[in-house]
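For reference, the structure is listed below as structure tokens.
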């Protein structure tokens with residue numbers, strides 16, 4: 001044992017015996033020194049509790065879980081970003097060295113025929129999404145897109161890429177007739193069915209945002225939480241999740257450190273006795289990767305659940321409750 | 001100089017033909033009764049006439065041997081050699097107002113990026129502050145049960161099993177994409 | 001065409017495969033297409049095509065025939081067709097307009113912030129100093145830092161405006177506005193300031209005249225409408241008339257300055273040294289950022305001019321004279337007593353800028369300099385202005401080296417003695433080294 005911690009033990013003995021010094025200050029002060037020793041010693045051997053022996057601690061300690069679904073989609077770009085990227089692409093077109101077709105395609109192959117057909121349709125422009133623009137011609141200076149042109153939007157970029165991906169020449173180098181060209185399947189919409197119906201129970205809604213699982217208990221909407229029963233925070237959170245929302249979720253608890261806390265002060269009588277216990281709720285952050293919550297048969301009396309974004313939570317939760325947890329929520 | 005090489009090329013081609021046809025074409029081409037020589041240098045005069053073609057295969061073979069054999073990548077290398085050393089395009093030049101527009105766009109982009117970065121910084125410090133406050137509260141907490149002050153905090157700070165191969169599940173390593181999967185979320189997942 | 005080619009052409013023509021059909025058809029097709037386009041173009045000359053500012057290439061010839069020459073490049077004309085009537089900030093380009101929206105939003109934020117800070121300032125001004133933590137000193141510090149922040153915000157609000165930049169580059173900026181002063185200062189610091197500090201260093205102005213000098217205002221020097229770069233040697237006939245200064249200060253508001261022109265290399269024969277002489281001294285000159293011209297010949301008022309202009313002259317043989325111009329800022333709202341100045345510095349000689357600065361608590365803010373040497377016109381200038389000493393020529397005294405003379409060195413010098421008699425034909429009578437009378441080369 002290090003000398004410093006030995007000293008602190010000695011002094012702690014003095015402090016706990018002398019009534020003039022506030023025990024809270026003393027323990028707060030010495031914690032940093034004691035922590036070094038405690039981490040080495042097993043966590044199960046508890047330090048002698050100085051305060052709890054005198055008066056019972058007036059708080060219930062609860063462990064809660066903020067189960068979040070991370071964003072599935074990239075964010076929608078700002079219109080300025082779209083315009084800027086397009087602008088830069090055209091500048092790049094003015095500055096790059098020309099595309100040499102013969103380097104990439106063997107002569108008289110299906111791939112080469114396909115390529116030349118598509119480039120011809122684009123008016124000779126090599127880039128797929130830039131419209132008809134030649135960076136080396138005498139009109140190259142006219143590279144700025146006019147206001148209101150949809151060419152720079154993500155939608156039109158997607159369309160041009162899809163159009164380019166469709167095969168126009170068969171394997172035996174025959175041009176496929178336009179009515180026989182098989183278009184490439186479009187990727188799914190960013191706005192899902194659940195968004196349109198505003199189904200707050202489904203997890204495929206608001207796919208650009210983080211969703212948070214809230215449940216409706218006896219005292220309104222909140223994150224699932226329960227009083228600790230001689231266990232640690234993350235164990236408690238795991239138990240709460242399994243009991244409240246069922247086991248059919250693929251989840252991951254991000255660390256054991258609480259990310260938020262909500263404190264409800266105890267109600268004290270005139271002579272200091274506790275009339276109503278306070279509550280300290282610590283929240284562990286969890287991520288869900290598959291599955292769905294199922295409140296069937298939960299012991300906490302939860303009747304309903306929702307997957308909500310940050311803004312929707314602000315409307316749903318009580319203001320002081322939201323103030324306690326809002327710091328852990330990401331912007332998107 | 002280019003013209004003379006083309007002439008030699010012609011002659012090499014001519015030598016493939018039989019001797020008779022050569023003289024015949026020469027006659028038609030030049031209209032002089034006697035075949036005139038293109039070059040009158042002494043070396044050319046001193047050169048002996050080729051021996052009469054005995055079947056025509058011998059000179060062909062000799063010519064093939066003179067050429068270096070083409071590698072299988074010959075055409076690919078030729079394409080690369082022609083195009084790899086193309087001069088870099090000239091730098092962009094802009095007129096005054098065009099440059100001013102470019103400057104405006106550039107400044108706006110810098111500003112936009114800075115605001116984004118500041119927003120990210122703010123978000124992170126906010127989340128960190130939230131964690132810090134929660135941990136501070138936890139450190140001052142007594143319990144659960146007969147545990148002493150700060151017990152839960154010490155456990156929370158333990159890093160056993162947090163890192164390593166088992167630390168983060170592989171399903172969590174999913175990138176954000178521009179469009180959702182066909183089935184955006186697997187609601188029917190069972191343990 | 002070379003002769004060989006000419007001769008071989010009919011030969012080659014015979015050998016070439018017969019493929020004359022394709023070129024004809026393509027040529028015909030091309031010709032018909034060209035005819036089509038020309039007919040289509042000729043069909044529709046729009047009113048824009050009759051304007052020499054916006055005519056398209058295909059209508060140029062018509063216009064030239066009509067006696068009007070097209071203006072500018074073809075590229076410019078195409079651009080003018082679409083955007084000629086629009087002011088710059090309304091040009092309909094997507095990235096540009098989106099960028100302007102971003103910048104405008106940022107400007108709004110900055111302006112709101114300025115309002116906020118101004119309210120804070122007014123609140124703090126009203127507050128009693130006793131209630132501020134730290135007393136009056138702290139209140140002043142806080143006010144000063146708030147005001148500095150507001151100035152900074154004012155610059156930031158406008159610094160992204162392309163029109164402001166354009167106006168400044170055109171020289172149309174209003175120097176009473178902080179953003180233009182900011183641009184001007186940045187431009188000055190990028191080159192002219194560095195040049196001036198280099199001159200201060202290389203001409204030893206700093207230890208010779210002042211112990212410390214860091215200019216914060218741009219001072220340019222003009223003699224007879226021509227700009228003199230700092231440190232230039234100026235002909236004495238040119239510098240006979242007082243110069244004109246162009247002074248640009250970069251902080252706001254009017255202020256009073258004093259102006260000193262000083263020759264710091266006047267030879268003093270008695271002391272065998274150099275002394276200083278005041279060539280011009282004026283005080284209480286009002287300056288502001290928007291008012292930049294300062295002709296020395298116009299400073300005549302009795303409460304401004306203390307010592308009139310004396311043309312710089314350098315006597316023959318004396319090294320170049322450093323004529324330096326100092327702009328010293330007076331304390332706010334204090335006027336110097338010019339009568340006292342006249343009395344003090346009427347004799348011009350032995351003027352000390354350092355004592356002048358300390359006596360009247362001035363701050364040097366601007367600096368420029370030129371040099372003066374003896375030239376053909378100096379005698380005339382001295383005669384016209386009654387400066388004595390045109391008939392004196394200085395000669396530098398020879399200062400002999402204190403080192404002992406060095407013995408001759410080298411292969412030849414070493415072999416001069418009789419021991420090397422057999423080598424004398426190589427070591428004696430060598431051009432540049434020795435002759436019949438012995439060793440001639442020194443050192």
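The values are calculated or read from the model by the stated rules, or taken from the named source; none is laboratory data. Owing to the predicted nature of the structure, the values given are computational and were not obtained by experimental measurement. Please note: Cβ atoms are built from the backbone with ideal geometry, for glycine as well, and neighbour counts cover all protein chains shown.
Given (1) touching a helix residue (DSSP H, G or I) at 6+ places or on another chain (Cβ under 6 Å); (2) at the interface with chain B (Cβ under 9 Å from one of its Cβ atoms); (3) more than 25 Å from residue B:171 (Cα to Cα), identify the lone condition not met by residue A:226.
Checking residue A:226 against (1) touching a helix residue (DSSP H, G or I) at 6+ places or on another chain (Cβ under 6 Å); (2) at the interface with chain B (Cβ under 9 Å from one of its Cβ atoms); (3) more than 25 Å from residue B:171 (Cα to Cα), the one that fails is (2).
Of all the residues that make up the range A:275-310, how many are on the phi > 0 side of the Ramachandran plot, touching a residue at least 40 places away in the same chain (Cβ under 8 Å) and in a loop (DSSP other than H, G, I, E, B)?
Count: 1.
For the range A:229-256, name all the residues that are under 21 Å from residue B:145 (Cβ atoms), within 7 Å of another protein chain (Cβ to nearest Cβ) and surrounded by 16 or more Cβ atoms within 10 Å (Cβ to Cβ).
Once the filter is applied, which keeps residues that are under 21 Å from residue B:145 (Cβ atoms), within 7 Å of another protein chain (Cβ to nearest Cβ) and surrounded by 16 or more Cβ atoms within 10 Å (Cβ to Cβ), the range A:229-256 yields A:232, A:233, A:256.
If you scan the range B:76-87, which residues turn out to be at pLDDT 80 or above and either part of a loop (DSSP other than H, G, I, E, B) or more than 29 Å from residue A:95 (Cβ to Cβ) (or both)?
Result: B:85, B:87.
Surrounded by 15 or more Cβ atoms within 10 Å (Cβ to Cβ), touching a helix residue (DSSP H, G or I) at 6+ places or on another chain (Cβ under 8 Å), away from chain C (no Cβ under 14 Å) and assigned to a helix (DSSP H, G or I): is that true of residue A:102 in this structure?
Spelling it out, residue A:102 is indeed surrounded by 15 or more Cβ atoms within 10 Å (Cβ to Cβ), touching a helix residue (DSSP H, G or I) at 6+ places or on another chain (Cβ under 8 Å), away from chain C (no Cβ under 14 Å) and assigned to a helix (DSSP H, G or I).
Please list, ordered by first then second residue, the pairs with beta carbon atoms under 7 Å, 6 or more apart or interchain, first in the range A:247-272 and in the same structural domain as residue A:288 (by TED's automatic domain parsing), second assigned to a loop (DSSP other than H, G, I, E, B) and buried (at least 17 other Cβ atoms within 10 Å of the Cβ).
A:248/A:292; A:249/A:292; A:249/A:293; A:266/A:58
Exposed (fewer than 13 other Cβ atoms within 10 Å of the Cβ) and part of a helix (DSSP H, G or I): which single residue out of C:156, C:108 fits that description?
Only one candidate qualifies: C:108.
Go through (1) at the interface with chain B (Cβ under 10 Å from one of its Cβ atoms); (2) touching a residue at least 40 places away in the same chain (Cβ under 8 Å); (3) more than 27 Å from residue B:128 (Cβ to Cβ) and name the single condition residue A:216 misses.
Residue A:216 satisfies every listed condition except (1).
Table: residues versus (1) closer than 26 Å to residue B:109 by Cα; (2) outside any loop (DSSP other than H, G, I, E, B); (3) within 14 Å of chain B (Cβ to nearest Cβ); (4) out of contact with any helix residue (DSSP H, G or I) (no Cβ under 9 Å at 6 or more places or on another chain).
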position: A:87; (1), (2), (3), (4): yes, yes, yes, no
position: A:90; (1), (2), (3), (4): yes, yes, yes, yes
position: A:93; (1), (2), (3), (4): yes, yes, yes, yes
position: A:107; (1), (2), (3), (4): no, no, yes, no
position: A:113; (1), (2), (3), (4): no, yes, no, yes
position: A:163; (1), (2), (3), (4): no, yes, no, no
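May I ask you to list the residues in the range C:63-83 that are in a helix (DSSP H, G or I), in contact with a helix residue (DSSP H, G or I) (Cβ under 8 Å, 6 or more places away or on another chain) and at pLDDT 85 or above?
The answer is C:63, and nothing else.
So which residues in the range B:149-167 are facing chain A (nearest Cβ under 7 Å) and under 42 Å from the mean Cα position of the chain (by Cα)?
Passing the criteria: only B:162.
Regarding the range A:122-133, can at least one residue be identified that is farther than 29 Å from residue A:185 by Cα and more than 14 Å from chain C (Cβ to nearest Cβ)?
No, there is no match, as no residue in the range A:122-133 is farther than 29 Å from residue A:185 by Cα and more than 14 Å from chain C (Cβ to nearest Cβ).
Please state which one of A:190, A:209, A:205, A:201 is more than 10 Å from chain B (Cβ to nearest Cβ), in a loop (DSSP other than H, G, I, E, B) and within 18 Å of the chain's Cα centre (by Cα).
A:209
Kindly list, by first and then second residue, each pair from a residue in the range B:154-169 that is surrounded by 14 or more Cβ atoms within 10 Å (Cβ to Cβ) to a residue that is modelled with pLDDT of 90 or more and part of a loop (DSSP other than H, G, I, E, B), limited to pairs with Cβ atoms under 6 Å and residues at least 6 apart or on different chains.
Final answer for the pair search is B:155/A:232; B:156/A:256; B:156/A:257.
Residues checked against (1) under 30 Å from residue C:166 (Cβ atoms); (2) touching a strand residue (DSSP E or B) at 6+ places or on another chain (Cβ under 9 Å); (3) more than 14 Å from chain B (Cβ to nearest Cβ):
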{"residue": "C:79", "(1), (2), (3)": "yes, no, no"}
{"residue": "C:102", "(1), (2), (3)": "yes, no, no"}
{"residue": "C:108", "(1), (2), (3)": "yes, no, no"}
{"residue": "C:117", "(1), (2), (3)": "yes, no, yes"}
{"residue": "C:126", "(1), (2), (3)": "no, no, yes"}
{"residue": "C:135", "(1), (2), (3)": "no, no, yes"}
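Would you confirm, using the coordinates I've provided, whether residue C:151 is in a helix (DSSP H, G or I), away from every other protein chain (no Cβ under 14 Å), touching a residue at least 12 places away in the same chain (Cβ under 8 Å) and closer than 27 Å to residue C:247 by Cα?
Yes; evaluated as a whole, the condition is true for this residue.
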